[in-house]
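The values are calculated or read from the model by the stated rules, or taken from the named source; none is laboratory data. Keep in mind that this is a model prediction, so the values were computed, not measured. Neighbour counts run over all protein chains shown; Cβ positions are idealised from the backbone, glycine included.
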Amino acid sequence: MRQVILYIAASLDGYIARPDGSIDWLEDETYRLEGEDYGYNSFQQAIDTTLMGNSTYKVVKGMEMPFPYPDKTNYVFTRSSHPEAAFVKFVQEDPVSFVKQLKKQEGKDIWLIGGGQLNMQLLNARLVDEMIITFVPLILGRGIPLFASGVSEKMLKVQDVATYRNGFVQVKFKL
């Protein structure tokens with residue numbers, strides 16, 4: 001069965017974006033390490049599908065670059081109808097039911113991009129198999145949390161920890 005993997009960066013205080021959805025803090029030159037991709041390229045090789053909420057999609061779409069996952073099947077969960085868009089399929093059905101069926105299909109692993117609401121729903125439904133969280137040494141103080149309010153208590157197993165010269169700490173958890 002396919003695995004759902006949450007691969008994401010978070011501030012030290014657990015936020016994945018500023019209150020307005022901005023992730024500019026992830027691009028700060030202070031954190032740039034020449035030639036370091038934090039395992040991103042090998043992760044990309046292991047997945048063929050992405051999952052994201054509509055707010056996260058808007059942030060991705062608003063970036064000043066082409067859509068970053070054109071070679072993947074990309075599902076955007078939304079409560080409202082949308083016109084067709086390049087590279088994405090909008091899903092209005094329940095994310096839990098949808099992902100249960102998706103995991104049973106043939107294919108590579110599935111990247112749960114976020115945001116916090118979708119992360120919470122899929123984690124509570126026990127559909128997230130692994131989390132790779134890169135903690136950035138920054139306190140935002142407020143913003144969009146890694147998991148929306150209502151997340152259930154979960155015991156996690158640390159599989160691996162990597163530290164980087166810029167202060168990033170990447171933790172791989174198995175659920």
**Request:** Would you mind telling me which numbered condition in (1) at pLDDT below 95; (2) under 23 Å from GLY39 (Cβ atoms) SER81 fails?
**Result:** (2)
**Message:** Being touching a Pro at 6+ places or on another chain (Cβ under 6 Å) and more than 24 Å from PHE90 (Cα to Cα) is true for just one of GLY14, GLY39. Which residue is that?
**Reply:** GLY14
**Item:** Search result, residues across region 94-105 that are within 25 Å of PRO68 (Cβ to Cβ) and either at pLDDT below 95 or not aliphatic (A, V, I, L, M) (or both)
**Value:** PRO95, PHE98, LYS103, GLN105
**Request:** Give, as residue ranges, the strands (runs of 3 or more DSSP E) completely inside region 1-107 that count at least 2 residues that are over 29 Å from ALA162 (Cα atoms) and without any contact (Cβ under 8 Å) to a residue 40 or more places away in the chain.
**Result:** 73-77, 88-91
**Filtered residues of region 106-117 (kept if under 19 Å from LYS72 (Cα atoms) and touching a strand residue (DSSP E or B) at 6+ places or on another chain (Cβ under 9 Å))** = GLY107, LYS108, ASP109, ILE110, TRP111, LEU112, ILE113, GLY114, GLY115
**Message:** Residues to consider are ILE139, ILE133; find the one that is within 17 Å of the chain's Cα centre (by Cα) and at pLDDT 95 or above.
**Reply:** ILE133
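Quick one: in region 120-175, which of the residues that are in a strand (DSSP E or B) and acidic (Asp, Glu) is surrounded by the most Cβ atoms within 10 Å (Cβ to Cβ)? Steps first, answer last, please.
Applying the first criterion (in a strand (DSSP E or B)) to region 120-175 yields 130-136, 144-145, 157-163, 169-174.
This time we only want the ones that are acidic (Asp, Glu), so: 130, 160.
Details: GLU130: 18, ASP160: 11.
Result: GLU130.
Any residue at all in region 16-29 that is among the hydroxyl-bearing types (Ser, Thr, Tyr) and under 20 Å from ILE132 (Cα atoms)? It would help to see each step written out before you state the result.
Here is the first cut: in region 16-29, the residues among the hydroxyl-bearing types (Ser, Thr, Tyr) are 22.
Still in the running and under 20 Å from ILE132 (Cα atoms): none.
The answer is no, given that none of the residues of region 16-29 is among the hydroxyl-bearing types (Ser, Thr, Tyr) and under 20 Å from ILE132 (Cα atoms).
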**Message:** If a residue must be buried (at least 19 other Cβ atoms within 10 Å of the Cβ) and over 22 Å from LEU102 (Cβ atoms), how many such residues does region 17-58 contain?
**Reply:** 1
